[in-house]
Amino acid sequence: MIDASRMIPLLVEASPAFAGTWEEFQAEYADDPPIPYYIALGSFARHLCDLLATDDHATLRRVFTVVERLHLEGDSFVQEAATVGLLEDLQNANMHRPGTSPDRFEPFLLPESARWWKKLRGFWREGRPLADD
């Protein structure tokens, strides 16, 4: 089972360019545990938007393989964070720059992540509950 302490390191392993940001983030919060993982995931979402803007499809495929693992193998906190902390940020138009948009992430989603992506869309567009069926 993947717990919160392994979540970001797995994402960094898939996208090593985020390593420096993650190290700075850990140092910033070292004296004030626990680490605010949702804030870290917001930074990672911005990083993914940058990767999308540069068409780094290989890294995006590796990252979304990890995101799928977080959904399938994560504890309840990690599963929720993968959805509400990461996928939801990726759907936020304010995270994007010209040339990127949330729908450009959809080809990289694997089945469980795609299911939660659609649930998030239903929640925000139609007010449907964001709950597991």
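Only four residue types carry charge here, +1 at the Cβ of Lys and Arg and -1 at the Cβ of Asp and Glu. Report the dipole size of the chain about the Cα centre in Debye, rounded to the nearest 20.
580 debye
DSSP H helices in the chain with Cα extent of 20 Å or more along the helix axis and mean Kyte-Doolittle hydropathy at least -1.0? Could the numbers behind the result be given before it?
Values: long enough: 37-53 (24 Å, 0.91); 57-73 (23 Å, 0.02); 111-126 (22 Å, -1.59).
Counting only whole DSSP H runs, the qualifying helices are 37-53, 57-73.
Tell me, what is the per residue accessible area of the stretch 1-93 in Å², probe radius 1.4 Å?
47 Å²
Quick one: which residues, 5 or more positions from GLY74 or on another chain, have an amide H under 5 Å from its amide H? H modelled 1.01 Å from N in the peptide plane, none for Pro or chain starts.
Long-range HN contacts for GLY74: ILE2.
The values are calculated or read from the model by the stated rules, or taken from the named source; none is laboratory data. Note that the structure is a prediction, hence the values are computed from the model and not measured. Quick reminder, even Gly has a Cβ in these numbers, built from the backbone with ideal geometry, and neighbours come from all protein chains shown. Note: accessible area is taken over every heavy atom of the protein model, side chains too, but ligands, DNA and RNA are not part of it. Shrake-Rupley method; radii C 1.70, N 1.55, O 1.52, S 1.80 Å.
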